[in-house]
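As C-alpha cells, the structure follows; a few thoughts come after it.
The values are calculated or read from the model by the stated rules, or taken from the named source; none is laboratory data. All figures in this text were calculated on a predicted structure; none of them were measured in a lab. Cβ placement follows ideal geometry from the backbone for every residue including glycine, while neighbour counts extend to all protein chains displayed. In case anyone asks, the SASA skips ligands and DNA or RNA and just uses the protein heavy atoms, side chains included. Shrake-Rupley method; radii C 1.70, N 1.55, O 1.52, S 1.80 Å.
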Amino acid sequence: MSVWNRRKEEEFITPRPVAGPPAPSELAKEGIPMSTLPGRTSESHHEPARTAVLGKSVIVKGQIFSREDLTIDGEVEGTVELQEHRLTIGPNGKVRASVKARELVVLGTIHGNVETTDKIDIRKEAKLVGDIRTARIVIEDGAYFKGNIDIVRADAARPAAVPQPQPKPQAIATSPSASSPSSAPSASSASGATASSSGPAMAAGAGDAKKR
Amino acid sequence: MAILDLAGANQSTVSFITNYGHRLYSDDFLVQLDHCFGEGDFYENQTNPRAIETFLKNTLDFPDEAFDGALVWDVLEYLSPALLAIVVAKLRAMLRPGSSLLAVFHNEERAETVPSYSFRIHGHRTIEMASRGRRQPAQFFNNRSLERLFQDFQSVKFFLTRDHLREVIVRR
C-alpha cells in the first residue's frame with residue numbers, strides 16, 4: 001500500500017466529530033462575534049444589501065438621514081444624507097436637495113449640490129444640475145449635467161486621521177463579544193480600508209464618433 | 001485651474017481635465033440655446049432682450065475672472081450677431097488675463113446647414129467628435145471676421161483642420 005493511500009485510509013478510519021452548528025458557548029470560546037455572522041454570509045454570497053425605498057408616489061419635504069442604502073423614486077425637497085451608503089435616484093425620482101452619500105447613482109433628476117466619498121454614476125437620460133464633489137464620476141452618453149465637477153482624491157476626501165494613542169498590548173486577550181465599545185474598530189477606519197482607486201473610469205465612446 | 005466646457009458633460013473630457021487636478025464646469029450650451037430660443041424662429045428669438053437675459057442667467061452667470069480656460073467648441077456659430085457680441089464679451093470677462101479660449105468654426109461658407117458635434121477630449125492628440133445632427137449657423141466666419149470678433153482679446157491663432165473646421169485659440 002502506498003503512503004498516499006495509507007494517509008487516506010487513516011483519515012477515513014479515524015472519524016472526526018460531525019460538524020454541526022456550533023453552540024453559542026463554542027462561538028464565544030473561538031472569539032467569533034455572533035452579530036457579524038449574517039453580514040459575512042450575505043457579503044460572501046453577494047446578496048443585495050438592505051435598501052430602503054421611497055416609492056414614486058411619495059413626496060418628502062425635509063431632511064432624510066439614512067443608515068442604509070436608499071432608493072428614491074418619488075420627490076424629495078430638502079437634504080438627503082447617507083453617510084456610508086449608496087443613494088439611488090430612480091427613473092421617476094425628482095430630488096431638489098443637497099445630497100451627501102458614499103455613492104450616488106442617478107437615473108432621474110437632481111437639482112442640488114452633491115458630495116460623495118466614493119462615486120457618482122450619472123446614467124443615460126438622467127439630469128443633474130448642481131455642483132459635484134466626489135472621488136470618481138461616471139457620466140453615460142445621453143445624461144445631462146450642468147455644474148462644477150471637483151474630483152477629490154480618496155485620501156483627501158476623508159478628514160486627516162488624528163493620530164490615536166496606541167493601546168498598550170494586554171496580556172489577556174478578550175473575546176470580541178465581551179469587548180468594550182472603545183476597543184471596537186471605528187466606522188471611519190473600516191471604510192478607509194475599502195477605499196478604491198481614485199482615478200475616474202473611462203466610458204466607451206459613441207459609435208458614430210469621428211476621430212481626428 | 002478652473003476650466004469651462006460648453007460641449008456638455010462627457011466622460012472623456014471630464015476624465016482628461018480632472019486627471020490633471022483641474023476643476024471643470026460643464027454645461028451643454030446648445031441645450032440651453034434650444035431651451036431659451038428654440039420655440040419659433042430660433043434666430044429671431046435671439047433678439048428678444050428678456051430671452052437673452054434669461055439665457056445669460058442660465059448659462060453664463062459667473063463672476064469675472066472665474067476661469068483659467070474655456071472650451072467653447074462650435075457653439076458661437078449658432079448665435080445671432082447681437083447675442084454673439086454679448087456672449088463673447090461675457091466670456092472675456094469670465095476668463096482670467098493670460099488664459100485661453102478654444103473655439104471651432106466651420107469653413108464651408110456656402111452650406112446652409114453644418115454638422116454639429118459633441119466634442120470629447122480623448123488625449124493630447126485626439127478629440128472625438130460625436131455627431132449631433134446638422135444645424136443652420138447664424139453666420140459664417142473668415143479669418144478677418146474672427147479677428148474682429150475677438151478683437152478685445154490679446155491674441156488670436158487659427159488652425160485649419162480636417163472636416164472643414166477652423167480651430168481658433170484666443171488668449172485673454
Name the residue, out of B:135, B:110, B:120, B:92, that is more than 21 Å from residue B:24 (Cα to Cα) and surrounded by 15 or more Cβ atoms within 10 Å (Cβ to Cβ). B:135
Region A:48-96: number of residues that are open to solvent by 100 Å² or more (accessible area, probe 1.4 Å), of a type outside the set (S, T, N, Q) and over 22 Å from the mean Cα position of the chain (by Cα): 5
Return the pairs, sorted by first residue and then second, in which the second residue is crowded, with 21+ Cβ neighbours inside 10 Å and among the basic types (Lys, Arg), the first residue lies in region A:136-153 and is over 12 Å from residue B:13 (Cβ atoms), the beta carbons are less than 7 Å apart, and the residues are 6+ apart or on different chains. none
Please specify each residue of region B:2-60 satisfying the condition of being away from every other protein chain (no Cβ under 11 Å), under 28 Å from residue B:98 (Cβ atoms) and loosely packed, with under 14 Cβ neighbours inside 10 Å. B:57
Is at least one residue of region B:79-95 touching a residue at least 60 places away in the same chain (Cβ under 8 Å), within 14 Å of chain A (Cβ to nearest Cβ) and farther than 25 Å from residue A:139 by Cα? yes
Can we say residue B:129 is touching a Pro at 6+ places or on another chain (Cβ under 9 Å), farther than 18 Å from residue B:8 by Cα and within 14 Å of another protein chain (Cβ to nearest Cβ)? no
Please list, ordered by first then second residue, the pairs with beta carbon atoms under 9 Å, 6 or more apart or interchain, first in region B:29-50 and over 24 Å from residue B:8 (Cα atoms), second among the aromatic types (Phe, Trp, Tyr). B:44/B:37; B:48/B:37
Which residue out of B:100, B:118 is within 14 Å of another protein chain (Cβ to nearest Cβ) and within 14 Å of the chain's Cα centre (by Cα)? B:118
Would you point out the residue of region B:156-165, among those that are within 13 Å of another protein chain (Cβ to nearest Cβ) and assigned to a strand (DSSP E or B), that is most open to solvent (accessible area, probe 1.4 Å)? B:160
Top-ranked residue of region A:110-152 - restricted to ones that are open to solvent by 50 Å² or more (accessible area, probe 1.4 Å) and at positive phi, ranked as nearest to the other protein chains (Cβ to nearest Cβ): A:142
